[in-house]
Every structure is written in structure tokens, then in C-alpha cells.
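> Sharing a structure here in C-alpha cells format.
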Amino acid sequence: VTVAATAMALSLSATAGFAQCDDGEMVIKFSHVTNTDRHPKGLAASLLQERVNEEMNGKACMEVYPNSTLYNDDQVLEAMLQGDVQMAAPSLSKFEAFTKQFRIFDLPFMFKSIEAVDAFQNSETGQAMKESMARRGLMGLEFWHNGMKQFSANKPLVEPGDAAGLKFRVQPSDVLVAQMKALDASPQPMAFSEVYGALQTGVVDGQENTWSNIYGQKFFEVQDGSTETNHGVLDYLVVTSVDWLDSLDAETRDQLLTILSEVSNERNAAVGQVDMEARQAILDAGGEIRELTAEQRQAWVDAMKPVWAEFEADVGADNIAAAQEINA
Ligand code: LMR
């Protein structure tokens, strides 16, 4: 290692806030895009790092890079296939290039709550989805929850017609593009790290996200307000490359996957609390949250639900039926 590379590694580790890995330890880089505090993914990744570094000390050392400091979601999966990063937890909307199966999670009003999403993911169909990208070199390990999505914009959104003509940032997902078109809005796919600036400068007028992201990225500061639509779900898949996972000896792999499974169960069970705390934090900071009457919300359902038909072939009519059964 050159002196310059060592200096760079040292300064990187200092800014990322992790302990220096010891010689001989396998380094596991975990890259993600959100903040760490009051955030479902940030908290889960930090707990995973803490437990791996304690319980696998001497064998493995995890370095978590939050806030898009290492990669954006549109780069991280390619970097993983190159072996430059070992773990990440992109949202399910970010796997379009690898599988169309996850499109069911982006369909508006498909799941009534995160509990329904949890039940679907834990069904046989949901569990099989984790392996749907194996042929493409990626292995899903665990689903991590975030929460239900809300709309925000630079003007009040009460009726679906209020969104017409506005530019909305969306994650890079064809379903989300179609969803915004169903509202006669203009969808603009964009990396998460660019959204605050785009809202602030008026490059886009609005966006959709969970309370923890609206709070964590301070979107509420540069929006008129948020509307509590709960119209969709934002969840994550913890992934590695098949090659990397296969390269681990059985004992190391089992220990890592056991820790990951325990961390996932613990943090997924706490996600409702984190979501509500972020919602409250927005209000405490002076952000506006508009609630809809049942009738007003139904108008959004009527406007957006026709999108299902466009993607039925990708996600399977039987899977849609199974999701609806869980909602009932
Ligand atoms: C987004 O791009 O809005 C989210 O997927 C970010 C995240 O990881 O929660």
C-alpha cells in the first residue's frame, strides 16, 4: 500500500466514523444512502456493524458508509458485482435492471400497511424473491422495512388533480414513473442524494417518500408540506454478490447471516416506532402534514390504481391476489 493510499484510507475511515480494521480481518464494506439517526436503515446498518465488529472480532470487520459517501444506489450494485463493496440495502425500487419481480412493491395502494408487507415478504413467494437475481450475480439476504410513502410538493396536495402538471422526483422505477403519469404529473428519476437540492432550486416541485426520509433529508424544509397518503411502500433488500457469499467459509458465513437475521428481526419490529418519531420530528420542526379524509384518499386510489393493469404481467396476477388477501 502506498503512503498516499494509506492516508486516504485513514481520512475516509475518520469521516465515516468506524474503527480501523485489524490486520487479517476480512473487511465487509456496507454502503447505503440514508442518514443513520432516527432512520430504519441507518439504525439497522449501525447495529449490524456493532454486532459484527464485536462478535466476529479478529475474523471480520464491517465498515458502514452512510449518506451516499461511498456509492449512490445507481452505482452500488455494479460496484458489488466488481467486488468493490460487499453489502448494501437499496430500496426495492432500485433493482429494475436485475429483476421485475419487485415491481409489486412499487404498485400504488398494493399493501395497506408495513405489517401487510411483512406478511407478504415472509410468505413462500416473498422469500423466493430474495433469490430472484442469483443468475445475475446478486443474492438477497433479508428484507428491511422503512415504511409507507407520502407525497410532498411546493403547493398543497389534497385532491389528485393538485399534482397535475408538477414535476416529481421518483426513484428509478418504471412503476413509479407510470404512477406519476397517472396523476398527469411529470416523473423525474433522480438519485436520492440529489433530491434536496432539486427541490430547493425548483428543478422538481415534489417527491414521494417515507417520514424518516422526509425528515432525515430535510425535504420538509423546502416543500409547502406533506400529505399523508400512505400510497405506497418503501422497503429494502440487503444484498451481497453471489461470488462474495460463496467465497466465505461456512462458519463465517453462518455467523454473519445469523447476526444479520437477528438484527433484521429486531429492527423490523421497531420500524413503526421510528416512522412515527420521524413524523413527529417533522411537526416539531415546523413542517406541515396534511391528513386526508377517507373520501379524499379514495380519490387518490381511484386515480392511481389503474397502474396495476400495466404491470400485471411482470408481477403476476396470482401475486397481486396474494397481496390483496393479506390486506383483507
Ligand atoms: C430513495 O431513493 O428515495 C430511497 O430509496 C432512499 C432510501 O434508501 O431510503
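FYI, it's all coordinate maths here, none of it is from the lab. What you see is a predicted model; the values in this text were computed from it and never measured. Every residue, glycine as well, gets a Cβ built from its backbone with ideal geometry; the counts of neighbours run over all protein chains shown.
> Relative contact order for the chain: what percent, with Cα pairs under 8 Å and sequence separation of 6 or more?
After rounding, I find 24 percent.
> Checking the table Lys41/Lys218; Lys112/Lys167; Lys112/Lys155; Lys94/Lys218 against a 19 Å threshold on Cα-Cα, which pairs fail?
Result: Lys112/Lys167; Lys112/Lys155; Lys94/Lys218 exceed 19 Å.
> Hand me the chymotrypsin sites (Phe, Trp or Tyr not before Pro) from the range 85-151 located in a DSSP loop with no more than 14 other Cβ atoms within 10 Å, in residue order please.
none
> Let me ask another. Which far-off residues, 5 or more places away or on another chain, put their amide H under 5 Å from the one on Phe109, with H placed in the peptide plane?
Gly232
> Right, here's the next one. If amide hydrogens are placed 1.01 Å from N in the peptide plane, which non-local residues have theirs closer than 5 Å to the one on Thr34?
Here Asn67, Ser68 satisfy the definition.
> Further question: So what J values fall out for the range 135-140 if you push phi through Karplus, 6.51 cos²θ - 1.76 cosθ + 1.60 with θ = phi - 60°, rounded to Hz, Gly and Pro as x?
4, 8, x, 10, 10, x
> Need one number: nm distance between label points at Thr125 and Lys218, each 7 Å from Cα along Cα→Cβ, rounded to one decimal.
Result: 4.2 nm between the two label points.
> Can you tell me, using C-alpha contacts under 8 Å and at least 6 residues apart, the relative contact order of the range 189-328 as a whole percent?
34 percent
> Between the range 92-167 and the range 168-211, what's the alpha-carbon centroid distance in Å?
A separation of 15 Å, based on Cα centres.
> Okay, helix-only estimate at 222 nm for the chain: each DSSP H run of n ≥ 4 adds -39500 (n - 2.57), divide by all residues, round to 500 deg cm²/dmol; what do you get?
Theoretical 222 nm ellipticity from helices: -13500 deg cm²/dmol.
> Cα convex hull of the chain: how many Å³ per residue?
Dividing the Cα hull volume of the chain by its residues yields 133 Å³.
> Let me ask something else. Amide H of Ala270 versus every other amide H placed in the peptide plane: which residues, excluding those fewer than 5 positions away on the same chain, fall under 5 Å?
Under 5 Å from the amide H of Ala270 lies no amide H from a residue far enough along the sequence or on another chain.
> Lys305: which aspartates and glutamates have alpha carbons under 13 Å from its alpha carbon, excluding same-chain residues fewer than 8 sequence positions away?
Leaving aside aspartates and glutamates fewer than 8 places away in the same chain, those within reach of Lys305 are Asp106.
> Now, a different point. Have a look at Ser132, Ser91, Ser226 and tell me which one the Gaussian network model of the chain (Cα, springs below 10 Å) gives the largest fluctuation.
Of Ser132, Ser91, Ser226, the Gaussian network model singles out Ser132 as fluctuating most.
> Hey, what angle do you get for helix 250-269 against the long axis of the chain, alpha-carbon based, 0 to 90 degrees rounded to 10?
The two axes meet at around 30 degrees.
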